[in-house]
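One structure is given here, and the rest of the page talks about it.
The values are calculated or read from the model by the stated rules, or taken from the named source; none is laboratory data. In this text, all values refer to a predicted model and were calculated from it rather than measured experimentally. So basically every Cβ, Gly included, is an ideal-geometry build from the backbone, and we count neighbours across all protein chains shown. The accessibility values were calculated without ligands, DNA or RNA, using every heavy atom of the protein model including side chains. Shrake-Rupley method; radii C 1.70, N 1.55, O 1.52, S 1.80 Å.
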Amino acid sequence: MSDIEQAPPGVDSTIPSPARMYDYILGGSANFTVDREAVKKVREHMPDLEDAAWANRGFLQRSVRWLAQQGVRQFIDVGAGLPTGNNTHDAVQKVAPDARILYVDNDPLVEIHAKSLLEGVAGTAFITADFRDPDGLLGHEETTAMIDFTEPVALLLVTVTHFVPDEDDPWGVVQRYVSRLAPGSYVALSAISSDRQVSEELDQVTAVYARSSSGGAYPRPRAEIERFFAGLEIVPPYEGAPAELCHLGVWGAEDPDEADSDGSQLGYCAVARKPA
């Protein structure tokens, strides 16, 4: 039976999906042949793809654990993707079993996967929404039922913004989210950068994503990624480090020098607090 025949209703298995591609890179099974072929093309021009994906995954897990240790009990994971295991709730609820985690994605297959994965898991929910629509996402009935915006929230934007073109003003979109969060809330954000990539190779990678359901990918230089944290207080990524962006694998790492691999250096990340 073909992938097209196996695809659930509402899921287009003829177009690659970044969420399903990410799932495949991390060894998951919620993907189709078209996603695997797209990953193969990306890997030809980005040989450290898997290393970067796992470095990014490590940032997510370490940062949400740290946030739970700071007392945060509400998490909104936008563009979650929901790979098979070690998701946000797995890391958070080991520290804070009472924490609430709202997952968000705009891929219909992720929704199907999420309903199965989260069945019976207390303190979790999933909604289908677009990052570029803060009002719709934050005003969703599931969001308002789960999240108390008068209390601190951790907003997770892990490898999301680089799928939004400049003309859609992703910086302004992030600020609209932040404006709705209570003081003491945090933003954890990571993004692939153009800084350490050869332009010709990067063009080939972005061409693959231009044919995906995201409509494109837009890696940015460090300075443009720093702009997402305007008005926020970046926390040091590890003890003794300056309070600034770092490479993907470095945040919270036991040995930052060892963690700063070639794949780690493909992107930047930070956790930042909304001041009073």
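Annotation for the stretch 168-276: GluC sites (Glu not before Pro) lying in DSSP loop with at most 16 further Cβ atoms inside 10 Å of their Cβ are E239, E244, E254. Extension gain for Q70-E200 works out to 42.5 nm (0.36 nm per residue, less the C-alpha to C-alpha distance). Relative contact order for the stretch 3-274: 21 percent, from Cα pairs under 8 Å spaced at least 6 residues apart, divided by residue count.
So what is the calculated 222 nm ellipticity per residue for the chain, using -39500 (n - 2.57) for each DSSP H run with n of 4 or more, over all residues, to the nearest 500 deg cm²/dmol?
The helix contribution divided over the chain gives -11000 deg cm²/dmol.
Straight-line cross-link reach from K115 at under 22 Å between alpha-carbon atoms covers these lysines, not counting any fewer than eight positions away in the same chain: K94. Between the beta carbons of E226 and N86, assuming R0 = 35 Å, the FRET efficiency works out to 0.80 to the nearest 0.05. Within the chain, DSSP assigns beta bridges of which about 35% are antiparallel (rounded to the nearest 5). Per atom type, the chain shows carbon and sulfur on 48% of its accessible surface, probed at 1.4 Å.
Using the Kyte-Doolittle scale, which helices in the chain average at least -1.0 and also have C-alpha atoms spread 24 Å or more along the helix axis, with helices defined as whole DSSP H runs? Correct list, ordered by number: 49-69. The accessible area of T128, taken with all protein chains in place and a 1.4 Å probe, comes to roughly 70 Å².
Ligands, DNA and RNA are left out, and with a 1.4 angstrom probe the accessible area of the chain is 44 Å² per residue.
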